[in-house]
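Novice: There's a structure below that I have some questions on.
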Amino acid sequence: MEVSGGMRIGTFGSCLSRWTADKLRWSFGGEIITCVYHNRSDQFLDYFVEKTAPEPSYRDLLSICDLPDVEAPEEFSEQNILKNQCRPALGKHRLSLGSEFLDAILQEKLDVLLMDNFMDASAELALYEDGNRRVKLFTRRRMSGLKRLGKLGPEEAARNYERIIKFVKSASPKTKIIFNVFPYNTYPDAVARKVWTERFEETFRPKGATVIPHVTVPKDHFGDSHSHFKNHYYFVYAGMAYQAITRETPRTLLSQSLLNAFKSTPLIGRLKRKRLFVSDAITLAGFIPWVDQLPIGVI
């Protein structure tokens, strides 16, 4: 695939996919047109792919969670978390002019879809039951009318993502899918997450997607929460995604203006002292936008 300023990118998962897409777009051009957050794979399959349960509306979810219908400015307010799980907002997280995710797929708008399994590795859903009505949703609220469901097992999560990928590729064969297995070593419960993640990787065999296995994130590149990394570390993922898309070495194609921008940032000086990180990044990704500005000895 030829990468140009017209690359249309979608994401499905968490900040790992979204921030990787940001770095991919910033480095090589393109546009993020749809972005799905707060959907676990089983929930997404039930409502939007296999349609084994009726889709809940945003008003349904607000009513279940006893929340007012107000515009909440906080990105991760409960209202916005619920809105991300239903149409027409599905796929419009942080995108005022974004496309609804299913429209983007069914209308073959996407060149690239970045995915990750953070929600399946981390999230418990809630179940609301009222007579014959059963609604699964993700919410942080704890209420007497909501039954907490456990986390998905890695085998079930792997099968679910295989089915989602099959759905996307059937509807939009041209879309390149890059699936990142979420790292576990940034969490204090890394032992349990390690078992889950390794079993997921053993089981996950999608057709039509490139799978990037979990990465061991260096400690001095951990972010301000367990689920985030420092901003520049997402360039590692952008590099791996680029290689999966083009099968080329991206640093030879970077614009001189981008390299000059990195020359002037203090980040260069900090990275010159991080020999292990730079070497690992090049091994993993073949790409760090500032690598051409580093002394050969660092590499």
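Novice: Would you mind finding the one in Ile105, Ile33, Ile9, Ile64 that is farther than 24 Å from Val168 by Cβ and in contact (Cβ under 8 Å) with a residue 24 or more places away in the chain?
Specialist: Numbers: Ile105 fails: farther than 24 Å from Val168 by Cβ; Ile33 fails: farther than 24 Å from Val168 by Cβ; Ile9 fails: farther than 24 Å from Val168 by Cβ.
Result of the check over Ile105, Ile33, Ile9, Ile64: Ile64.
Novice: Quick one: how many residues across the range 8-30 are surrounded by fewer than 21 Cβ atoms within 10 Å (Cβ to Cβ) and modelled with pLDDT under 95? Lay out the reasoning, then the answer.
Specialist: So the first thing to find is which residues in the range 8-30 are surrounded by fewer than 21 Cβ atoms within 10 Å (Cβ to Cβ), and the list is 8, 15, 22, 25-26, 29-30.
Restricting the remaining residues to those that are modelled with pLDDT under 95 gives 22, 25-26, 29-30.
Total meeting the criteria: 5.
Novice: Follow-up question, since we're still on this one. Filter the range 195-232 for residues that are surrounded by 15 or more Cβ atoms within 10 Å (Cβ to Cβ), more than 19 Å from the chain's Cα centre (by Cα) and either at pLDDT 90 or above or more than 20 Å from Thr20 (Cβ to Cβ) (or both) and give the result.
Specialist: Hits for the range 195-232 are Arg199, Thr203.
Novice: Does Glu155 satisfy the criteria of being in contact with a Pro (Cβ under 7 Å, 6 or more places away or on another chain), modelled with pLDDT of 95 or more and within 30 Å of Gln243 (Cβ to Cβ)? So that I can check it myself, show each step before the final result.
Specialist: Values: in contact with a Pro (Cβ under 7 Å, 6 or more places away or on another chain): no; modelled with pLDDT of 95 or more: yes; within 30 Å of Gln243 (Cβ to Cβ): yes.
No, not satisfied.
Novice: Would you mind telling me which numbered condition in (1) at pLDDT below 85; (2) surrounded by fewer than 17 Cβ atoms within 10 Å (Cβ to Cβ); (3) under 18 Å from the mean Cα position of the chain (by Cα) Asp189 fails?
Specialist: Going through (1) at pLDDT below 85; (2) surrounded by fewer than 17 Cβ atoms within 10 Å (Cβ to Cβ); (3) under 18 Å from the mean Cα position of the chain (by Cα) one by one, Asp189 breaks only (3).
Novice: Of all residues in the range 105-115, how many are in a strand (DSSP E or B) and either more than 26 Å from Arg193 (Cα to Cα) or of a type in the set (D, E, K, R) (or both)? Steps first, answer last, please.
Specialist: Taking the range 105-115 and keeping what is in a strand (DSSP E or B), we get 112-115.
Right, trim to either more than 26 Å from Arg193 (Cα to Cα) or of a type in the set (D, E, K, R) (or both) and you get 112.
Summing the residues that are in a strand (DSSP E or B) and either more than 26 Å from Arg193 (Cα to Cα) or of a type in the set (D, E, K, R) (or both) in the range 105-115 gives 1.
Novice: Which residue is nearest to the chain's Cα centre (by Cα), if the candidates are limited to the range 68-101 and must be among the polar types (S, T, N, Q) and over 24 Å from Gly30 (Cα atoms)?
Specialist: Taking the candidates together, the pick is Gln85.
Novice: Here is a further query. Report, by residue number, each residue of the range 187-226 that is more than 29 Å from Ile105 (Cβ to Cβ) and in a helix (DSSP H, G or I). Walk me through how you get there before you give the answer.
Specialist: So in the range 187-226, the residues more than 29 Å from Ile105 (Cβ to Cβ) come out as 187-195, 198, 216-226.
Scanning the range 187-226 gives Ala190, Val191, Ala192, Arg193, Lys194, Val195, Glu198, Lys219, Asp220, His221.
The values are calculated or read from the model by the stated rules, or taken from the named source; none is laboratory data. All values derive from a computational prediction rather than experimental measurement. Counting neighbours? That spans all protein chains shown, and the Cβs are built from the backbone with ideal geometry, glycine included.
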